[in-house]
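Each remark here refers to the structure printed beneath this line.
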Amino acid sequence: MLKGKTAVVTGGSRGIGEAVVYKLASMGADVAVIYAGNTQAAENVCNKCRQENNVQAKAYRCDVADFTAVKETVAGIKADFKTAHILVNNAGITRDGLLAMMKEEDYDAVLDTNLKGAFNMIRHMTGLFIRNREGCIINITSVAGITGNAGQCNYSASKAGLIGLTKSVAKELAPKGIRCNAVAPGFIKTDMTDNQTDNPLISMIPLKTMGKPEDVADAVAYLAAAKYVTGEVLRVDGGIAI
């Protein structure tokens, strides 16, 4: 379904990003895996894609919050893959804490990675998409950006901002044949949520269970192939934000 396409996935070495990389590779896409720190994990993801799906895969270490570093990384992707067709902005961090005691650097770090990082990637990849007269951008936001979450004002703000960015980009780039959508996961079993398995909010999920990274990857796959969908926010949350 995606054979001949190249997908770029940030935060692609673990968790939701890893599942997204495997899903897109299984659909025939070549994959550029952007990661922040664990080189071995990123290389393992690429090796699995090559071995199991016979696609091109390469890892790129990059701090997506760094505008110049992203520009250089995108240039490297262009040199290696010639172009790109799909961008999944998945890279994200948390620095949870109560508003009254939150440090400024914790607020800034989350906004810089989660929101500005997505802007940096879109900004530098848009030229490739425009030249192709096609492009698909999928931003991984969160139900926290829809409903808010106590103790996560920085994270919720970054994810709500990502929804606004998604809708603005969708309107601005639609005439160029470029679509932009978002996926809003709820409680998903990843390293980031290991400490939330006993969270009382799980009992409030209508489906009464946490989701899996593969559930989010399935939503990304749908949006990657949905040619007449743009500006949408697709919740993958077991119904918690109903």
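The values are calculated or read from the model by the stated rules, or taken from the named source; none is laboratory data. No experiment lies behind these values; they were computed from the predicted model shown. Ideal geometry is used to build each Cβ from the backbone, glycine not excepted, and the neighbour counts take in all protein chains shown.
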All positions within region 121-165 that are among the β-branched types (Val, Ile, Thr) and either surrounded by fewer than 22 Cβ atoms within 10 Å (Cβ to Cβ) or farther than 15 Å from Ala91 by Cα (or both): Thr126, Ile130, Val143, Ile146, Thr147, Ile163
Checking Lys208 against (1) exposed (fewer than 15 other Cβ atoms within 10 Å of the Cβ); (2) part of a helix (DSSP H, G or I), the condition it does not meet: (2)
Scope region 30-51; condition more than 11 Å from Met121 (Cα to Cα) and either surrounded by 17 or more Cβ atoms within 10 Å (Cβ to Cβ) or among the small types (Gly, Ala, Ser) (or both); matching residues: Asp30, Val31, Ala32, Val33, Tyr35, Ala36, Gly37, Ala41, Ala42, Val45, Cys46, Cys49
Where a residue in region 216-242 is at positive phi and its partner, wherever it lies, is modelled with pLDDT of 95 or more and hydroxyl-bearing (Ser, Thr, Tyr), with Cβ under 8 Å and at least six apart: Gly231/Thr166
Considering residues of region 79-135 that are under 24 Å from Asn181 (Cα atoms) and of a type in the set (Ser, Thr, Tyr) only, the residue farthest from the chain's Cα centre (by Cα): Thr83
Residue match in region 52-68 (condition: surrounded by 16 or more Cβ atoms within 10 Å (Cβ to Cβ), among the basic types (Lys, Arg) and closer than 25 Å to Ala182 by Cβ): no
Residues located in region 106-149, provided they are without any contact (Cβ under 8 Å) to a residue 40 or more places away in the chain and not in a helix (DSSP H, G or I): Gly148, Asn149
Lone qualifier among Tyr155, Tyr222 - being closer than 21 Å to Ala29 by Cβ, modelled with pLDDT of 95 or more, aromatic (Phe, Trp, Tyr) and out of contact with any strand residue (DSSP E or B) (no Cβ under 7 Å at 6 or more places or on another chain): Tyr222
Boolean, Lys71 is assigned to a loop (DSSP other than H, G, I, E, B), over 25 Å from Asn149 (Cβ atoms) and basic (Lys, Arg): no
Qualifying position, being over 17 Å from Leu87 (Cα atoms), among the small types (Gly, Ala, Ser), free of Cβ contacts under 8 Å to residues at least 60 places away in the same chain and not in a loop (DSSP other than H, G, I, E, B), among Ala59, Ala25, Ala41, Ala32: Ala41
Members of region 172-205 that are in a helix (DSSP H, G or I), at pLDDT 95 or above, of a type outside the set (D, E, K, R) and in contact with a helix residue (DSSP H, G or I) (Cβ under 8 Å, 6 or more places away or on another chain): Leu173
Complete set of residues in region 160-181 that are within 19 Å of Ala241 (Cα to Cα) and without any contact (Cβ under 8 Å) to a residue 60 or more places away in the chain: Ala160, Gly161, Gly164, Asn181
